[in-house]
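Remarks on the structure that follows.
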Amino acid sequence: AQRVTQPEKLLSVFKGAPVELKCNYSYSGSPELFWYVQYSRQRLQLLLRHISRESIKGFTADLNKGETSFHLKKPFAQEEDSAMYYCALGSPSGNKLTFGGGTRVLVKP
Amino acid sequence: EAGVAQSPRYKIIEKRQSVAFWCNPISGHATLYWYQQILGQGPKLLIQFQNNGVVDDSQLPKDRFSAERLKGVDSTLKIQPAKLEDSAVYLCASSFAGADEQFFGPGTRLTVL
């Protein structure tokens, strides 16, 4: 069964500090992993996906199959990064997404 | 391009009543999803359509929930009868094809009293 765990419900950091959001998954096959973000009063939207290997808005995420993790990192957090972040695991057949419980990030000035 | 549209945005009903939600996906998107997001949790997939056919409804409580996408465009999700535990945000999403990026609507917040 697919499962995604985000152990932190809330992360509070100061502007300019590094931020790391943890995501661990359980999946027997070859995973497709995503980070989605929801800013205040906006829709849930894709931030990045592991296969693209991009850095979006300064965020990066590395898939570690040995540790079954896909942690999201940003070296210097900005106030506009305050949002709800969800890690999601996609099925290979049709992008059925299993979401984690989410981590709220609060970047203080 | 216009995004995924959902209505209503908010709905308050009493338990045992019926309710329906509507979703219009992005034009040209063949795949449509309905998710349930309970407060404090991540979205949970209820049903996935490919055009007007159901791809996955394994997590849909079929004794009370139903969904249709008759013409392969817009979709309706119905709950009959509603229970207190159905209080949640119901999200609709669409993608061009099954493995593409999903675009989410604003959601419908349902409160069951």
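Every number in this text was worked out from the coordinates using simple rules, so none of it is lab data. Quick caveat: nothing in here was measured; it's all calculated off a predicted structure. When we count neighbours, we look across all protein chains shown, and the Cβ atoms used for this are built from the backbone with ideal geometry, even at glycine.
Calculate log10 I(q)/I(0) of the protein assembly as shown for q = 0.07, 0.12, 0.13, 0.17 Å⁻¹, where I(q) comes from the Debye formula with a single equal point scatterer on each Cα and nothing for solvent.
The Cα Debye sum returns log10 ratios of -0.22, -0.65, -0.76, -1.22.
Between A:103, B:53, B:24, whose Cα lies farthest towards the positive end of the dipole of the protein assembly as shown when Lys and Arg beta carbons carry +1 and Asp and Glu beta carbons carry -1, centred on the Cα centre?
Highest projection toward the positive end goes to A:103.
Past 31 Å, Cα to Cα, is the threshold; run A:9/B:71; A:73/B:62; A:65/B:44; A:65/B:62; A:9/B:83; A:65/A:96 against it and keep the listed order.
Going by Cα-Cα distance, A:9/B:71; A:73/B:62; A:65/B:62 fall outside the 31 Å limit.
Quick check for me: using +1 on Lys/Arg Cβ and -1 on Asp/Glu Cβ, what's the dipole size of the protein assembly as shown about its Cα centre, in debye to the nearest 20? Before the final figure, lay out the partial values.
Working: 27 positive and 20 negative charges, 107 e Å.
For the protein assembly as shown, the charge dipole is close to 520 debye.
Would you work out the relative contact order for chain A, in percent, from Cα pairs under 8 angstrom that are 6 or more residues apart? Present the calculation step by step, with values, prior to reporting the outcome.
Details: 266 pairs, mean separation 42.1, N = 109.
Contact order relative to length: 39 percent.
When ranked by the protection proxy of mean other Cβ atoms within 10 Å per residue, highest first, what sequence do the peptides B:51-59, B:37-45 form?
B:37-45, B:51-59
Below 8 Å, C-alpha to C-alpha, sequence gap of six or more: please give me the relative contact order for chain B in percent.
In percent, rounded to a whole number, it is 37.
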